[in-house]
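Participant: Encoded as structure tokens, here's the structure I'll be asking about.
The values are calculated or read from the model by the stated rules, or taken from the named source; none is laboratory data. Note that the structure is a prediction, hence the values are computed from the model and not measured. Don't worry about glycine lacking a Cβ; one is built from the backbone with ideal geometry, like all the others, and counts go over all protein chains shown. Note: areas computed on protein heavy atoms with side chains; ligands, DNA, RNA excluded. Shrake-Rupley method; radii C 1.70, N 1.55, O 1.52, S 1.80 Å.
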Amino acid sequence: MTGIGRGIAGFLLLTLLSGCLQAPEPQRSTPYIPGPASPSPSISSPSPIRTNGSLKPDVDEKRIPVSDKDPLVYRYLSDVELDRASVEQAIREQTSSNLAERNPVPYQLNWQSDKEFTLIFTNLAPRETIHVSARQAKTKAPGMLNEDAPHLFELVFQHRAASASPSVVLTDYNLYQHVYTETTTAGPIELLRQAGTGKALLYSQDERQIRLQDLQSGFALTVPIPEHKESRLEQVHGFKHVQVSSTVQGELLDVVLSHAQVFRLNMRTKRKDLVYTSQLPILGVSTSPDGKSIGLMVARDESLRTEADLVVISDKGTVKLTVPRAAFLSHSDGYLTSYPLEWGDDHTVRVRTELPGESGLGHHVIDVATKTGEKVPDADVELVRTIRREEKEMVPYLSPDKSKLVYLTRSNADFFKELWMTDISGGPPRFVGMGRFLGWTSPDTFAWVEYGKE
């Protein structure tokens, strides 16, 4: 954080106060009355201007991403005098709710001095998530608040009842509406596809069982996690007790336990068959659409360096193909890092890889039948390059028809992940919420999961 701290000179420091209105008596109260919708901020970078002073976030103050308090009061502090009009304009134009009917967002801004003010939010809607930015606000002396690290110390929070668990959210891009499915699992949640139907399934697990749930109907099946050998890798960074294929073949699900054993589970009959055991750690798994082949990404050696092999086995565990060094992903040696892979059809595997000396990330596309392959760079999308000029750490997710984009950024010193969406023409980005992206379920809808209260 030392380097980042130097890079955010002049940005705002915000501290979450209690849910009760305890702000000092303001020198001036500026209630914000919603008017015509303001345009979303441009994604083009402002011209660099010399910054006065240095600001640091209060590293001792824990920011809570989820709260049931109403009203909510946030305190902003600066060690340089601020141009009040520009601060008010920036916040007015860059405060967004993920509920369309709540935009523009009502709030009250109270100044305590030219270095301090509070924002007060009241009458918050259930599950409403709000994002606040003061980008392009100016100081009294010639200068602008530093914007080398957009989003990093901006404000984002969700209003959620204390009794409400985090939900998986299905967002409709066109209608800008969200459908919430609460989940009580304490483990990871992933989005899987059912081969042949394209149906989206939610995968989750706890210490004892695996659970699949139809995202649309809510119907769920569970199966106990098979007994398996203890692993010497459990203390290694990145260890996963269970890895699961992104494709479900009917009621059959292929899983990898402790990076070593491949099991095929029947979610209806509860049958579990040990298919394959690897002597080297398995770092990724994917089942072909017809269910007859299982692709595995396997570490090249015990040192767990940056390269991994592709091993394709039959549904009975016979090795059909091995491709040495099929993928290269940068990470610290000795870490159990995931190597994503997927099947394009029953004979083609797409392995995620870096392309050193070329265009960064791409795929190694391998034909299992002919045992040939080619490396294909990611699509060169101008919109992604444009957003990355400002959002240095954004992660893009293009829709299946390549017409829409969901992208993740980070906010606050606590690195909460925000989701934004736009179309490929570069229209104004819209705030979706904060949490983890799961995947597109159609060209117009996508799933993500909310943060827990902690």
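Participant: Excluding residues on the same chain fewer than 8 positions from Lys69, give the lysines whose Cα lies under 28 Å from its Cα.
Facilitator: Straight-distance partners of Lys69: Lys56, Lys115, Lys417, Lys453.
Participant: Next question, about the same structure. Under 5 Å between amide hydrogens, which residues at least 5 positions from Glu393 or on another chain qualify, with H placed 1.01 Å from N in the peptide plane?
Facilitator: Close amide H contacts, sequence-distant or interchain: none at all.
Participant: Regarding the range 226-279, what whole-number volume in Å³ per residue does the convex hull of its Cα atoms give?
Facilitator: Dividing the Cα hull volume of the range 226-279 by its residues yields 78 Å³.
Participant: Relative contact order for the range 237-284: what is it in percent, counting Cα pairs under 8 Å that are at least 6 residues apart?
Facilitator: So the answer I get is 28 percent.
Participant: So if the hydrodynamic radius of the range 159-205 is defined as the Kirkwood radius over C-alpha pairs, what does Stokes-Einstein give as its diffusion coefficient at 10 °C and 1.306 mPa s, in µm² per second?
Facilitator: The Stokes-Einstein estimate is 127 µm²/s.
Participant: Something else about it: Per-residue accessible area for His228 at 1.4 Å probe radius, Å² rounded to 10?
Facilitator: Here the accessible area works out near 50 Å².
Participant: Give the separation of the Cα centroids, the range 368-424 to the range 329-351, in Å.
Facilitator: Centre-to-centre distance over Cα atoms comes out at 17 Å.
Participant: Which number do you get for Rg(Cα) / (2.2 N^0.38 Å) in the range 168-253?
Facilitator: Relative to the 2.2 N^0.38 Å estimate, the range 168-253 comes out at 1.26.
Participant: Measure of size requested: the Rg and Dmax of the range 301-454, with Cα atoms as the atom set and Å as the unit; please supply both.
Facilitator: Using the Cα atoms of the range 301-454, the pair Rg, Dmax is 17.9, 51 Å.
Participant: Moving to a separate point now. Would you grab the residues whose amide H sits under 5 Å from the one on Leu283? Only those 5+ places off in sequence or on another chain, please, with H modelled 1.01 Å from N.
Facilitator: Amide H neighbours of Leu283, under 5 Å, 5+ apart: Met297, Val298, Ala299.
Participant: What fraction of the Cα pairs in the range 311-387, stated in percent, has a spacing above 19 angstrom?
Facilitator: Here the long-distance tail beyond 19 Å is 45 percent of all Cα pairs in the range 311-387.
Participant: In the range 73-142, if every C-alpha pair distance is counted and binned at 10 Å from zero, what percent goes to each bin?
Facilitator: Histogram of Cα-Cα distances, whole percents per bin: 19, 51, 23, 6, 0.
Participant: Another question, then. Kindly report the accessible area of the range 227-297 per residue (heavy atoms of protein chains, probe 1.4 Å, no ligands, DNA or RNA), in Å². Don't jump to the answer; show the numbers that get you there.
Facilitator: On the way: 3220 Å² over 71 residues.
Accessible surface, normalised per residue, equals 45 Å².
Participant: For the range 300-315, take each phi angle, set θ = phi - 60°, evaluate the Karplus expression 6.51 cos²θ - 1.76 cosθ + 1.60, and give the result in whole Hz per residue in order, putting x for glycine and proline.
Facilitator: Karplus-based 3J(HN,Hα) across the range 300-315 equals 6, 7, 5, 6, 6, 7, 7, 9, 9, 9, 9, 10, 9, 10, 7, 5 Hz.
Participant: For Gly439, which sequence-distant residues (separation of 5 or more, or a different chain) have an amide H within less than 5 Å of its own amide H, given hydrogens modelled in the peptide plane?
Facilitator: Amide H neighbours of Gly439: Ala447.
Participant: Shifting gears a bit: Starting from the residue with the highest accessible area, list Glu88, Glu251, Glu227 in decreasing order, probe 1.4 Å. Display every interim value, and only then the final one.
Facilitator: On the way: Glu88 30, Glu251 75, Glu227 170 Å².
Correct descending sequence by accessible area is Glu227, Glu251, Glu88.
Participant: Now for a separate question. Show me, for the range 392-401, the HN-Hα J-couplings you get by feeding each phi into the Karplus relation (A = 6.51, B = -1.76, C = 1.60, θ = phi - 60°), rounded to Hz, glycine and proline as x.
Facilitator: Per-residue couplings from phi come out as 4, 10, 5, 10, x, 9, 6, 5, x, 8 Hz.
Participant: Need one value: the accessible area of His347 in square angstrom, 1.4 angstrom probe, rounded to the nearest 10.
Facilitator: Near enough 110 Å² of accessible area.
Participant: With a 1.4 Å probe and every protein chain kept in, tell me what percent of the accessible surface of the range 219-308 is carbon plus sulfur.
Facilitator: Numbers: 1990 of 4120 Å².
With neighbouring chains kept in place, the figure for the range 219-308 is 48 percent.
Participant: While we're looking at this one, here's another question. Hey, what do the phi angles of the range 158-163 turn into as Karplus ³J(HN,Hα) couplings, whole Hz, using 6.51/-1.76/1.60 and θ = phi - 60°, x for Gly and Pro?
Facilitator: Values, residue by residue: 10, 9, 9, 4, 4, 7 Hz.
Participant: In debye, nearest 20, what is the charge dipole magnitude of the range 334-454 about its Cα centre with +1 on Lys and Arg Cβ and -1 on Asp and Glu Cβ, if you could check?
Facilitator: 260
Participant: Pairs to check: Lys199/Lys404; Lys240/Lys404; Lys270/Lys375; Lys292/Lys402; Lys199/Lys270. Give those whose C-alpha atoms are more than 28 Å from each other in this structure.
Facilitator: On the way: Lys199/Lys404 20 Å; Lys240/Lys404 32 Å; Lys270/Lys375 39 Å; Lys292/Lys402 30 Å; Lys199/Lys270 21 Å.
Check vs 28 Å cut-off fails for Lys240/Lys404; Lys270/Lys375; Lys292/Lys402.
Participant: Using only protein heavy atoms and a 1.4 Å probe, report how much of Lys240 is accessible, in Å² to the nearest 10.
Facilitator: Lys240 exposes around 80 Å² with every protein chain in place.
Participant: Further question on the same structure: What three numbers, in Å, describe the spread of the alpha carbons of the range 363-454 along their principal axes, ordered from the longest?
Facilitator: 50, 31, 27
Participant: Carbon-plus-sulfur fraction of the accessible area of the range 352-396, 1.4 Å probe, in percent?
Facilitator: Numbers: 1390 of 2680 Å².
Here carbon and sulfur together make up 52 percent of the probe-accessible area.
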